[in-house]
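Written out below as structure tokens is the structure these notes cover.
Throughout, read-outs are computed from the coordinates displayed, never taken from laboratory work. No experiment lies behind these values; they were computed from the predicted model shown. Because the Cβ atoms are built from the backbone with ideal geometry, glycine has one as well, and the counts that use them run over all protein chains shown.
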Amino acid sequence: MPFLNYERMGGVPDGEFRNRKPYPWVNIEGGLTAEGFDQLRGSMPDASLFEKWESVRRAHGQGYHDRYILHYKPGVPLSKPWQDFLAEIKGPGYDAFVRRMLGLPSDKKLVLTLEWYYGWQGCAVSPHCDAMRKLATHIFYFNTEEDWKTEWGGNILIMDDGGKLHRHSGPSFDDLAVAASLDPRGNGSLFFMRTEHSWHGVRPLESPPGPLRKLFIITVNQVNYQVIWRRLRGKDPDGYSIGPYQKPTGPHTS
């Protein structure tokens, strides 16, 4: 069974995407098949498998990005639907989508990294631009109106610096204009291209204790100096050691 809705994804105009301001982004509604979305949502990885990141220092004076994070490695205990979905992501159909959207030739080397993010009360993603090794990010939403209320926040903010800020800076939310505020619920996903001004973030969650905001994230990495250097040191593009999954023993803090 296919999980990706290739008809819906194929209908996204790549030229319009790449020319969008303040940087290329698109919110894809129904990017998964209805059955695929239900199967994946019903078998999300348990939070006990995740690292808990709290108060981890970030570069350039940027705020914390608190979250539960599960970085995919061989051996992560996943349900059959998730195993099948990850195999599909690594296949030719998704590769063709990425290359069409980004205008990339078929021979350019790409490396995908995969992560799940769960957020709890108070978690936030401070405004930032991604590292240069990242060509694009694809964020899939896995909450619905049944388990995440509008008033709890969690919207992904597409932000505009007017081309004035250096990516190695730490602006507050008030320093940037909000170009779009995306509701991360239902069968949708955000695909955006990394630029020198691709600012994005999430204000602190206002949920009660207990509920988790759940995302799955695909990062499209190019093979640059950083990626090569990390590989020589036995690490993947995100800096994780190459090797089998090991269950975390405690929170990750600065």
Order of 26, 111 under a 10 Å beta carbon neighbour criterion, fewest first: 111, 26
Please list, by residue number, every one of the GluC sites (Glu not before Pro) in region 55-159 that is coil in DSSP and has at most 15 other beta-carbon atoms within 10 Å. 145, 146
Using Cα-Cα distances under 8 Å and only pairs 6 or more residues apart, what relative contact order does region 20-137 have, in percent? 30
For residue 235, counting only lysines whose alpha-carbon sits under 24 Å away and dropping same-chain residues fewer than eight positions off, the answer is 52, 73, 90, 108, 109, 134, 247
Label residue 144 and residue 1 with points 7 Å out from Cα along Cα→Cβ: what is the distance between them in nm? 1.4
Please label the shape of region 138-254 as rounded, prolate or oblate, based on the square roots a ≥ b ≥ c of the eigenvalues of the alpha-carbon gyration tensor (a/c under 1.5 means rounded; beyond that, a/b larger than b/c means prolate, else oblate). oblate
Taking the Cβ of each residue in 172, 189 as the centre, tally the other Cβ atoms inside 10 Å and list the residues starting with the fewest. 172, 189
Reduced to Cα centres, the span from region 73-114 to region 184-250 in Å works out to 14
Cβ neighbours within 10 Å, averaged per peptide: list 239-246, 35-42, 124-131 in order, most packed at the top. 124-131, 35-42, 239-246
In whole percent, what relative contact order does region 6-239 give with Cα contacts below 8 Å and a gap of six or more residues? 29
Ascending count of other beta-carbon atoms within 10 Å, so fewest first, for 53, 25, 199: 53, 25, 199
Hand me the trypsin sites (Lys or Arg not before Pro) from region 177-254 located in a DSSP loop with no more than 11 other Cβ atoms within 10 Å, in residue order please. 233
Taking N as the number of residues in the chain, what is its alpha-carbon radius of gyration divided by 2.2 N^0.38 Å? 0.97
I want to check the label-to-label distance for residue 34 and residue 48. Put each point 7 Å from Cα in the C-beta direction and report it in nm to one decimal. 3.5
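At most 13 other Cβ atoms within 10 Å and a DSSP loop assignment: could you name the trypsin sites (Lys or Arg not before Pro) in region 102-146 that fit?
The qualifying sites are 108, 109.
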Lysines with Cα under 20 Å of residue 149, excluding same-chain neighbours fewer than 8 positions away: 214
